[in-house]
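Only one structure is covered here, and it is reproduced in the block below.
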Amino acid sequence: MSAPTLGSVDRDGALTEAIGELCGSTRAGFLRSVALGGAAMLEALSAPAQAAAPDDTTILNFGLRFERLQATFYTQAEELGTIATMSSAKRDWARTLGAHERAHVKIIKQVLGRKAEGRPTFDFGQANETDQAFTKTAVAMEDLTVALLAGVTPAVRDRGLTAALLGLLTVEARHAAWARHIAGSTPAPKALDQAKTLHQVQGVIARTRFVAQAPRMTSRRRPGFTG
């Protein structure tokens with residue numbers, strides 16, 4: 001007599017549905033055919049669930065958010081006067097990269113059209129208030145951009161969009177090398193770059209706390225004192 005399976009005892013599908021919510025529908029479907037308590041079932045249940053692959057719109061909107069973060073970082077440094085204190089060569093570098101990032105924002109917004117997300121609020125603290133802090137952060141941002149594009153571009157389904165992202169990747173790679181040269185670091189420290197997933201980059205950005213909550217008014221009354 002063969003060992004019972006999840007499918008043979010789960011007549012109404014309640015168990016399969018519950019497992020699908022925890023582990024994903026693909027894994028739940030697989031588990032219906034394997035023996036209860038068997039090695040295959042134990043392995044499948046213990047393995048981490050695989051997140052659904054982001055679609056092209058999700059990837060583009062995250063790219064838009066990241067490009068906006070960079071563009072705002074460079075623009076604020078210009079407004080604060082940080083870039084004006086730099087050497088001539090360094091000013092050219094910072095202003096060129098800032099212009100490119102602002103152009104990238106416009107391009108991605110045009111591609112997304114009505115599907116483009118709204119602009120987030122950013123708070124860079126002291127990260128772009130001094131030459132040293134600005135340069136250190138810019139290098140990290142440009143390196144992260146290259147890792148992100150290397151990771152998400154193969155996941156894009158639209159061939160035309162893939163070609164456009166590859167063009168963006170090569171420019172960002174030049175940005176990263178230029179930033180490292182300006183900072184006095186090796187422009188190409190490794191023979192092979194390590195790509196990052198969208199989720200991994202989301203975690204890095206979250207830890208910087210550069211993306212802030214927009215201030216909201218909680219009271220509908222007029223302030224009693226306006227100064």
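No value in this document is a laboratory result; all are computed from the given coordinates. Bear in mind that the values here come from a model prediction, so they are computed numbers and not experimental data. Because the Cβ atoms are built from the backbone with ideal geometry, glycine has one as well, and the counts that use them run over all protein chains shown.
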### Summary
Ile83 neighbourhood, Cβ < 13 Å, K/R = +1, D/E = -1, net charge -2
### Task
Would you please give the residues with an amide H less than 5 Å from that of Val211, counting only those at least 5 places away or on a separate chain, with H modeled from the backbone geometry?
Asp123
### Task
State, as an integer percentage, the relative contact order of segment 56-108 based on alpha-carbon contacts under 8 Å between residues 6 or more apart.
52
### Summary
Scoring only Lys, Arg, Asp and Glu (+1, +1, -1, -1) among other residues with Cβ under 14 Å from the Cβ of Pro189 yields -1
### Message
Quick check: pseudo-label points 7 Å beyond the Cα along Cα→Cβ at Glu78 and Arg159, how many nm apart are they?
### Response
3.8
### Summary
Filtered hits (lysines, Cα-Cα < 21 Å from Lys196, offset >= 8 within chain) -> Lys136
### Pairs from Lys106/Lys190; Lys90/Lys190; Lys90/Lys115; Lys109/Lys190; Lys115/Lys190 whose Cα-Cα separation, in the structure shown, is over 27 Å
Lys106/Lys190; Lys90/Lys115; Lys109/Lys190; Lys115/Lys190
### Task
Please work out how much length the chain gains when fully extended from Ala53 to Ala195, using 0.36 nm per residue of separation minus the C-alpha to C-alpha distance, in nm with one decimal.
49.5 nm
